[in-house]
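K.L.:
Here's a structure for you.
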Amino acid sequence: MMRLYDTMMREKREFVPADPTRITMYVCGPTVYGRAHIGNARPAVVFDTLARLIRHEFGAKSLIYARNITDVEDKILASAEKEGVEPSVITERYERFYIEDMGALGVQPPDLAPHATQEIAEMVAMIERLIELGNAYEAEGHVLFSVPSDPDYGSLSKRDREAMIAGARVEVAPYKRDPADFVLWKPSGEGVVGWDSPWGRGRPGWHIECSAMIRAHLGETIDIHGGGIDLIFPHHENEIAQSRCAHDGAPLARYWVHNGFVDMGSEKMSKSLGNIVTPAELLEQGHRGETLRLALLSAHYRQPLSWTDEVVAQAKSTLDKLYRAAGDTEPGVPDEGVVEALRDDLNTPLALTRLIALEDAASVKASAALLGLLSSSHSEWFQGHYSLDADTGRYTFTFNKAVLTGPDGPDVETMISLRNEAKRARNFEEADRIRDALRVRGIVLEDGPSGTTWRKE
Ligand SMILES: [Zn+2]
C-alpha cells in the first residue's frame, strides 16, 4: 500500500489510482527564461523519484507523467527585449539547459512535455467555454475569471477571501469586476508575441496553460498534481477553479502533492532575493549530479531543506559508501524495507538510512536505483567519468586528476582493468593515457602473455 500526503485533504491517504493501468501525473514545469537553481531542481527530483516508485509498484507502463514548459510569459518577453532577441531564442536556450541540468541530476525526461505556445487553441477553447458558462468575462481585450462565480474557490489553500486577495498580490485594474478575478487572456501590443483570438490578438495567462494542457493530454481528472508549495496559491487554486468550472464540477486532481522550499540556511532561495545556487555552478565546481540528487533527497520532500556545504559533503560521503558496498554488481531485487519507506509518503530519509545499512550488493544497487542513485559503475564513480560523443558515438573516459593523485586514488588493479577495456575497444589513446597516469604515481605496467602486471618504479 502506497500513501501520499494530499494537500487538499490535509492528510496522508492511501494512493489508489482511478485506473492502475493508466496513472496520470502532472507537475508544473519551468518558465524558461533563466538557468534553474537548486530550489527549482527539488520538484524535478522529487517527482522523478515518485514516478520511479509508481512504476515499481504498478508496472513500468502504468504511469503517464507530464511536465509542461512555460514558454510564453512576461519574464521571458522582458529577457528577450533585454538581449534584443526573439523570445524563442531565450526559451529554446533555457529549455535545453533545463533538460541538461536535470539530466545530470538523474531526472528522467517526463513522458510528455507540452509547450504552452503549442497549445494555444486548447486554451482559447477552454476560455470560450468558461465565458459561455458565466465563469469568465471579457473586458478591454482581457478575459478574466470571475472568482465570485465559483463558490468552491479557495478549497485547496483554505484561505478566506481577504487573505486570498492580499496573497495573490492582484493588480487592481479598472476592467476587473472583482479584485480577486484573475487573467485568462491578455492583449498583446505591437511587437509583442501574440495569437489571434475571439478577443483580439493576445496571449494566455499562466494559470490557464496548465488547465488546458492537462485536459488535452491527460483528461479532466488526473491522479496526481504536483509542484512546489509556493504554487498552492494562487496558481493551483486558479487551475482548480478553471478546470472544475469548465468540466461540470469534475475535480482537477485526486491527490495534490507539494514539495517544500530549499533555503540557504535562513532565507528562501529565490531569484528575486539573488541568493541562488544552480546545479550548473555546482557541477562546474566538480560535484557529481548524483551528489546533488542525494542531497535533495536527504530531507523529506515536504520539509524545508537547508542547502549547505555540509549537506553536499554528507551526500558525497554517503555515495562513496554506497558505491563501495555495491561494487560492480548487477542489480538484484530492491530491499523491502527501502521500498516500504518510500511507500510511506516518499520517506526518502528513512529509505536512505535503510539503504546504507544493507549488506547485499545486488540489493543495494537495485534499491538505490529506485531513488535514481548508483547509476554509474564503481570505477566511473571513483576515478572519473565516461562521456558519450553524440557525433562519433564514442565514449571517452575522463580522469579526475585530483582523485587520481590523491590518497583516494583508484587501486592499480582497477586501472589495469580499465586499460584492458580501452584496449579491447581499440581505444589505444585512452589505454596510453591510463598507463601514463599510473606512471605519474610511480607505477610501471608490464604487458606479458598472461596479462598485465605492475611494479613500483
Ligand atoms: Zn501549473
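K.L.:
Among the listed residues 180, 173, identify the single one that is surrounded by 16 or more Cβ atoms within 10 Å (Cβ to Cβ) and more than 25 Å from residue 80 (Cα to Cα).
P.N.:
Within the list 180, 173, the selection yields 180.
K.L.:
Modelled with pLDDT under 95 and part of a loop (DSSP other than H, G, I, E, B) - does that describe any residue in region 140-147?
P.N.:
Among the residues of region 140-147, at least one is modelled with pLDDT under 95 and part of a loop (DSSP other than H, G, I, E, B), which makes the answer yes.
K.L.:
Can I ask one more? Looking at 60, 36, 44 in this structure, which one is aliphatic (A, V, I, L, M) and at pLDDT below 95?
P.N.:
Selected residue: 36, the only one of 60, 36, 44 that is aliphatic (A, V, I, L, M) and at pLDDT below 95.
K.L.:
Under the condition of being touching a Lys or Arg at 6+ places or on another chain (Cβ under 8 Å) and under 22 Å from residue 297 (Cβ atoms), which residue from region 230-286 is surrounded by the most Cβ atoms within 10 Å (Cβ to Cβ)?
P.N.:
259
K.L.:
Select from region 202-221 the residues that are within 13 Å of the ligand (Cβ to nearest atom) and either basic (Lys, Arg) or in contact with a helix residue (DSSP H, G or I) (Cβ under 6 Å, 6 or more places away or on another chain) (or both) and list them in ascending order.
P.N.:
Matches in region 202-221: 204, 207, 208, 209, 210, 211, 212, 215.
K.L.:
To continue, here is another question. I need the full set of residues from region 36-72 which are out of contact with any Asp or Glu (no Cβ under 9 Å at 6 or more places or on another chain), acidic (Asp, Glu) and within 29 Å of residue 272 (Cα to Cα), in order please.
P.N.:
Answer for region 36-72, where residues must be out of contact with any Asp or Glu (no Cβ under 9 Å at 6 or more places or on another chain), acidic (Asp, Glu) and within 29 Å of residue 272 (Cα to Cα): just 48.
K.L.:
Another question, then. Can you confirm whether region 173-196 contains a residue that is under 18 Å from residue 121 (Cα atoms), among the acidic types (Asp, Glu) and in a strand (DSSP E or B)?
P.N.:
No, every residue in region 173-196 fails to be under 18 Å from residue 121 (Cα atoms), among the acidic types (Asp, Glu) and in a strand (DSSP E or B).
K.L.:
With respect to residue 310, is the statement that it is surrounded by fewer than 21 Cβ atoms within 10 Å (Cβ to Cβ), more than 18 Å from the chain's Cα centre (by Cα) and modelled with pLDDT of 95 or more true?
P.N.:
Taking the combined requirement at face value, the residue does not satisfy it.
K.L.:
OK, next. Mind counting the residues in region 22-31 that are away from the ligand (no atom under 14 Å from the Cβ) and either modelled with pLDDT under 95 or not basic (Lys, Arg) (or both)?
P.N.:
Total satisfying the criteria: 2.
K.L.:
To continue, here is another question. How do the pairs read when you match residues in region 276-299 that are in contact (Cβ under 8 Å) with a residue 24 or more places away in the chain with residues anywhere that are aromatic (Phe, Trp, Tyr), using Cβ under 9 Å and keeping only pairs 6 or more apart or on different chains?
P.N.:
277/307; 280/97; 288/381; 290/381; 296/307
K.L.:
How many residues are aliphatic (A, V, I, L, M), in a strand (DSSP E or B) and within 16 Å of the ligand (Cβ to nearest atom) if we restrict to region 222-279?
P.N.:
The number of residues fulfilling the criteria is 4.
K.L.:
Could you grab me the full set of residues in region 262-290 that are within 15 Å of residue 37 (Cα to Cα) and among the hydroxyl-bearing types (Ser, Thr, Tyr)?
P.N.:
Residues satisfying the conditions are 270, 272, 278.
K.L.:
Also: Under 8 Å by Cβ, and 6 or more places apart or on different chains, what pairs join a residue from region 1-15 that is among the hydroxyl-bearing types (Ser, Thr, Tyr) with one that is part of a loop (DSSP other than H, G, I, E, B)?
P.N.:
5/302; 5/345; 7/156
Residues checked against (1) modelled with pLDDT under 80; (2) surrounded by 13 or more Cβ atoms within 10 Å (Cβ to Cβ):
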site	(1), (2)
365	no, yes
380	yes, yes
397	yes, yes
411	yes, no
432	no, yes
440	yes, no
446	no, no
456	yes, no
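K.L.:
Conditions first: (1) in contact (Cβ under 8 Å) with a residue 12 or more places away in the chain; (2) part of a loop (DSSP other than H, G, I, E, B). Residue 77 passes all but one, so which condition is the exception?
P.N.:
Residue 77 satisfies all of (1) in contact (Cβ under 8 Å) with a residue 12 or more places away in the chain; (2) part of a loop (DSSP other than H, G, I, E, B) except (2).
K.L.:
From (1) among the polar types (S, T, N, Q); (2) under 18 Å from residue 294 (Cα atoms); (3) surrounded by fewer than 20 Cβ atoms within 10 Å (Cβ to Cβ), pick out the condition that doesn't hold for residue 329.
P.N.:
Just one mismatch for residue 329, condition (2).
K.L.:
Please verify whether region 149-160 includes one or more residues that are of a type in the set (A, V, I, L, M), outside any helix (DSSP H, G or I) and surrounded by fewer than 21 Cβ atoms within 10 Å (Cβ to Cβ).
P.N.:
Within region 149-160 (the criterion being of a type in the set (A, V, I, L, M), outside any helix (DSSP H, G or I) and surrounded by fewer than 21 Cβ atoms within 10 Å (Cβ to Cβ)), the answer is no, since none of the residues qualifies.
K.L.:
When residue 85 is evaluated against the numbered criteria (1) crowded, with 21+ Cβ neighbours inside 10 Å; (2) more than 25 Å from residue 334 (Cβ to Cβ), which criterion, by number, is the only one it fails?
P.N.:
Of the numbered conditions (1) crowded, with 21+ Cβ neighbours inside 10 Å; (2) more than 25 Å from residue 334 (Cβ to Cβ), the odd one out for residue 85 is (1).
K.L.:
Let me ask another. Quick test for you: out of 54, 64, 99, 38, pick the one residue that is farther than 27 Å from residue 186 by Cα, free of Cβ contacts under 8 Å to residues at least 12 places away in the same chain and more than 16 Å from the ligand (Cβ to nearest atom).
P.N.:
99 is the lone residue from the list that is farther than 27 Å from residue 186 by Cα, free of Cβ contacts under 8 Å to residues at least 12 places away in the same chain and more than 16 Å from the ligand (Cβ to nearest atom).
K.L.:
A follow-up question, please. Quick one: residue 164 ticks every box in (1) in a strand (DSSP E or B); (2) more than 15 Å from the ligand (Cβ to nearest atom); (3) more than 23 Å from residue 4 (Cβ to Cβ) except a single one, so which number is it?
P.N.:
(1)
K.L.:
State yes or no: is residue 102 of a type outside the set (Gly, Ala, Ser) and modelled with pLDDT under 95?
P.N.:
So residue 102 fits the description; yes.
K.L.:
With respect to residue 255, is the statement that it is aromatic (Phe, Trp, Tyr) and more than 18 Å from the chain's Cα centre (by Cα) true?
P.N.:
Here the answer is yes, as residue 255 does meet what is asked.
K.L.:
Condition first: within 16 Å of the ligand (Cβ to nearest atom), more than 19 Å from the chain's Cα centre (by Cα) and of a type in the set (Lys, Arg). Now tell me which residues in region 67-96 satisfy that.
P.N.:
Within region 67-96, 75 is the sole residue that qualifies.
K.L.:
Just to be sure, is residue 73 of a type in the set (Asp, Glu) and touching a Phe, Trp or Tyr at 6+ places or on another chain (Cβ under 8 Å)?
P.N.:
yes
K.L.:
Go through region 10-45 and give me each residue that's of a type outside the set (Phe, Trp, Tyr), assigned to a loop (DSSP other than H, G, I, E, B) and closer than 21 Å to residue 218 by Cβ.
P.N.:
Of everything in region 10-45, those that are of a type outside the set (Phe, Trp, Tyr), assigned to a loop (DSSP other than H, G, I, E, B) and closer than 21 Å to residue 218 by Cβ turn out to be 16, 17, 18, 19, 20, 21, 22, 28, 29, 30.
The values are calculated or read from the model by the stated rules, or taken from the named source; none is laboratory data. Only a predicted model underlies this, so the values are computations on that prediction, with no experimental measurement involved. Virtual Cβ from ideal backbone geometry, glycine too; neighbours counted across all protein chains shown.
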